[in-house]
1. Could you list, ordered by first residue, the pairs with Cβ atoms under 9 Å in which the first is in segment 221-235 and farther than 19 Å from Ala272 by Cα and the second is among the small types (Gly, Ala, Ser), at least 6 apart or interchain?
2. Does at least one position in segment 144-166 carry a residue that is hydroxyl-bearing (Ser, Thr, Tyr) and more than 24 Å from the chain's Cα centre (by Cα)?
3. Which of the numbered conditions does Ser87 fail, given that it passes all the others? Conditions: (1) at pLDDT 70 or above; (2) not in a helix (DSSP H, G or I).
4. So, Gly85, is that one more than 31 Å from the chain's Cα centre (by Cα) and surrounded by fewer than 20 Cβ atoms within 10 Å (Cβ to Cβ) or not?
5. Search segment 97-120 for residues that are not assigned by TED's automatic domain parsing to the domain that holds Leu133 and pair each with any residue that is buried (at least 19 other Cβ atoms within 10 Å of the Cβ) and at pLDDT below 80 when their beta-carbon atoms are under 7 Å apart and the residues are at least 6 apart or on different chains.
6. Considering (1) surrounded by 15 or more Cβ atoms within 10 Å (Cβ to Cβ); (2) within 15 Å of Glu267 (Cα to Cα), say which one Asp341 fails and leave the rest.
7. Mind listing whichever residues of segment 385-396 are out of contact with any Asp or Glu (no Cβ under 9 Å at 6 or more places or on another chain), in contact (Cβ under 8 Å) with a residue 24 or more places away in the chain and assigned to a strand (DSSP E or B)?
Amino acid sequence: MSVALGLVGTLYLGGHSNVQSFTLRAGLWIFGFGFLLTALYAGLLRRGRNLEELADAQLVLDQLTWSAVVYLTGGASSGATSFYGLSCLVGASLSGLRGAAIAAVSGGLMYSGLVTALAKRWLLPPPDQPSALYLPTPDELSFYVVVNLLVLVVVMLLAGTLADRLRWTGGALLAATERADQAERMAGLGRLAAGLAHEIRNPLGSIAGSVQLLRTGEGLSEEDRQLCEIIQREANRLNDLVTDMMDLSRPRKPDFALVDAAEVAREVVALASKSGRAVSDVDVLFEGGQAGESVVRADSGQLRQLIWNLVRNAVQASSAGDPVTVKVGMEAEGVVLCVEDRGAGIDEDQMSRLFDAFFTTRSQGTGVGLAVVKRIADEHGFLIHVKSEAGRGATFRILMGQRAEA
């Protein structure tokens, strides 16, 4: 605003060499007022509080300043009315269409009030300005008012709309950049996983087979058998990790067919109940409806992987003695899968990153399992809703669409 006031002083007030003239003295006061406002804004901005209200006040006070300049430079016919539009541009840059509207409405009201006051002789022209300049004919007055108000409306709509669209585009560009970065990370992971999978899985198979043979041998003490179980369990966990990394980095397109989601979930629960912590201290339970009522179009293998990862995540999040419940049934929205646990829950600030690859809330987690769940759900068109409170467990709800007819 200070730069604009300097421009006004040069263009409109430069011809007033008499320091005692009303217009020049008033212009200097306005110039000083503009600098005072700038210093005040700077001080309030440093506090970092009530920024939105400060921006609104700044727009209104700027329009008041321009109204004083318009009064000094010709009233209704003043070329300084263009600075009302400048404040609209500033408002749009600060808060989009809302800021542009505040500037336009306040500027339009002040300009209309000033013109009316001059026309009704409630406000006299500056004593050192030609009186004829402030007494346009009714036709000229109408022309000035209509044109200036119309320009304000046009500038408000254009600047506000463009600012909002630019803000939206900037957000979309940021999201696209994040997706591109994630895709690049996944490509790197794919190259790494492809090279390591063969080297890791071969030794894992040998270890698992050897341990299985040891367990069936005679002469093992109870402590030896427990050590074999630990080796078997950790080998299975490592194999699951390799599988998840391969699924995440080199996804396979779904092979859609009619699948009974309840039957798949029942098989997964039966398998999960015989492995890992589900054998010792966490019960995995299944609740399903009648056969055939939960048929959906899906890739059977990928649906099994989705449910398995959700169950495994729930078991890992659970404390000893807490059950994990898997439910499949028809609801108003269609076929719904729910996996519930009573573990530590998920903090609200972690929800937005819950399905990001390599993000985990557990000290021994990898952040891969839920990322695979999200990828499979997206490729199938499933919707995921997570409900959780810290300390009260979590519920993963998968809406799989309407029941498919065989």
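The values are calculated or read from the model by the stated rules, or taken from the named source; none is laboratory data. No experiment lies behind these values; they were computed from the predicted model shown. Backbone-built Cβ (ideal geometry, glycine too); neighbour counts: all protein chains shown.
1. Between residues of segment 221-235 that are farther than 19 Å from Ala272 by Cα and residues that are among the small types (Gly, Ala, Ser), there is no close pair.
2. yes
3. Among (1) at pLDDT 70 or above; (2) not in a helix (DSSP H, G or I), the lone unmet condition for Ser87 is (2).
4. no
5. As it stands, the answer is none, since no pair meets every condition given.
6. In the conditions (1) surrounded by 15 or more Cβ atoms within 10 Å (Cβ to Cβ); (2) within 15 Å of Glu267 (Cα to Cα), Asp341 misses (2) alone.
7. Val386
Residues checked against (1) touching a residue at least 60 places away in the same chain (Cβ under 8 Å); (2) out of contact with any helix residue (DSSP H, G or I) (no Cβ under 7 Å at 6 or more places or on another chain); (3) in the same structural domain as Leu36 (by TED's automatic domain parsing):
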{"position": "Leu51", "(1), (2), (3)": "no, yes, yes"}
{"position": "Leu59", "(1), (2), (3)": "no, no, yes"}
{"position": "Asp62", "(1), (2), (3)": "yes, no, yes"}
{"position": "Gly74", "(1), (2), (3)": "yes, no, yes"}
{"position": "Gly85", "(1), (2), (3)": "yes, no, yes"}
{"position": "Cys88", "(1), (2), (3)": "yes, no, yes"}
{"position": "Gly91", "(1), (2), (3)": "yes, no, yes"}
{"position": "Leu94", "(1), (2), (3)": "no, no, yes"}
